[in-house]
1. Between a first residue in the range 117-136 that is in the same structural domain as Y186 (by TED's automatic domain parsing) and a second residue that is within 12 Å of the ligand (Cβ to nearest atom) and hydroxyl-bearing (S, T, Y), which pairs have beta carbons less than 6 Å apart while being 6 or more apart in sequence or on different chains?
2. Does any residue in the range 6-23 that is farther than 21 Å from W273 by Cβ come within less than 6 Å, Cβ to Cβ, of a residue that is more than 9 Å from the ligand (Cβ to nearest atom) and not hydroxyl-bearing (S, T, Y) six or more places away or on a different chain, and which pairs are these?
3. Please specify each residue of the range 192-205 satisfying the condition of being in contact (Cβ under 8 Å) with a residue 24 or more places away in the chain and either of a type in the set (A, V, I, L, M) or farther than 17 Å from R130 by Cα (or both).
4. Please work out if K280 is farther than 22 Å from H246 by Cβ, basic (K, R) and modelled with pLDDT of 95 or more.
5. Scan S62, S70, S98 and give me the residue that is in the same structural domain as K165 (by TED's automatic domain parsing) and within 15 Å of the ligand (Cβ to nearest atom).
6. Name every residue in the range 276-297 that is over 19 Å from E41 (Cβ atoms) and out of contact with any strand residue (DSSP E or B) (no Cβ under 8 Å at 6 or more places or on another chain), in order of residue number.
7. Out of all the residues in the range 27-37, is one or more within 14 Å of the ligand (Cβ to nearest atom) and surrounded by 22 or more Cβ atoms within 10 Å (Cβ to Cβ)?
8. Assess whether T348 counts as being within 27 Å of A2 (Cβ to Cβ) and not assigned by TED's automatic domain parsing to the domain that holds R43.
Amino acid sequence: MAGIYIHVPFCKERCTYCDFYTVTDESRMDEFVEALCIEAESRKEEVKEPVQTIYFGGGTPSRLSTEHFSAIFDTLYRHYPIDPAAEITVEANPDDLSEEYLIRLAQQPINRLSIGIQSFNDEELKFLSRRHSAQQAIDAVKRSQQHGFSNLNIDLMYGLPKQSKEVWQHNLQQATELGVPHVSAYHLIYEEKTRMHALLLAGKITPADEETSAEMFTMLYDWMARHNFIHYETSAFGKEGFFSRHNSSYWKNREYVGLGPAAHSFDGDSRSWNIASNIKYNEGIKAGIPVRESELLSPTDKYNEFIITGLRTIWGVNLVELEARFGKTMYQHCLKAAEKYLQKNLLTMEENTLKVTREGLFISDGITTDLMWMK
Ligand code: SF4
């Protein structure tokens, strides 16, 4: 199974907590699309199997015009074997999803939207410096549904400074009332070099304490389970048949081609990444100068990725596959490291597959680190 990731490095404004590669100067968007199409064509040989998923991430892909999408899809369909049933996702911000834009988006091959809502509370949205209001978020979801986008994800954020459990409960309730089949919920992370991190260092905000964060996660987990969502990855909750196929393929270590500035690619043996600069990317692609660096993964890297991605998901770490791919020594290391967690019911073993239990979720980073190969 092959996937294509497209990084759209433009945002109207930068959110205080975000460290993704993106710029707020949108004047080079045409140039970017042109370069992207050149890169897509030049890398067509890398994809041998039908493309099952295409994912426009960013940045804010909904800053692209539908003419931009048409140009990109023309190139992709011309040069890649795209499965007619491919999942094609576009990340969007609520305030971009106007009636007119949605009508035009619905005419593209796009069949899934991932809407960056983060909160249904105006104060929280202001704190995160999001561009939309709670009402705009609700309207955007409803409008998307009216225009045929039933396969919808919304992003939510918890563990914000001063976030009350009541507001978090309200956010969860609003999400399920809207009838979306997928929710991604992330704890706020203070990434270095973000404005949020600077506020933290300056003592202007107090992060949520561990106990509150754990309680909010429990509320999330229970609420989603009660509404028939399956917790299939650390941050992802989907109804049956609505798991993100694109993200699932990352977690199953499948191959993908990443196009655009700062996009990453994986071919099963090595990872590569495009330069994180719009200007250098555009110029390099047009001049035929390489804009990509890569690293070959060692067996240890591959083993560790197998553990990290497996323990994040409901598919777990299959020990038969682990032994076949990485040999007896790594298999025994994994089993030995898992022992104490199995005894404490923080891990379970079903059909030769290790999975993190609900109790283990709170310390899953520590479990993962223990099972990794550190030599
Ligand atoms: S809209 Fe998304 S990508 Fe852009 S700055 Fe905000 S969080 Fe980052």
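1. S129/T16
2. From the range 6-23, the pairs are T16/R195; T16/M196; Y17/M196.
3. Selection gives E192, K193, M196, L199, I205.
4. Taking the combined requirement at face value, the residue satisfies it.
5. Of the residues listed, the single one that is in the same structural domain as K165 (by TED's automatic domain parsing) and within 15 Å of the ligand (Cβ to nearest atom) is S62.
6. A276, S277, I279, K280
7. Within the range 27-37, not a single residue is within 14 Å of the ligand (Cβ to nearest atom) and surrounded by 22 or more Cβ atoms within 10 Å (Cβ to Cβ).
8. So T348 fails the test.
The values are calculated or read from the model by the stated rules, or taken from the named source; none is laboratory data. Treat the numbers as computed from the prediction; the structure is a model and nothing was measured. Cβ atoms come from the backbone with ideal geometry, glycine included; neighbour counts cover every protein chain shown.
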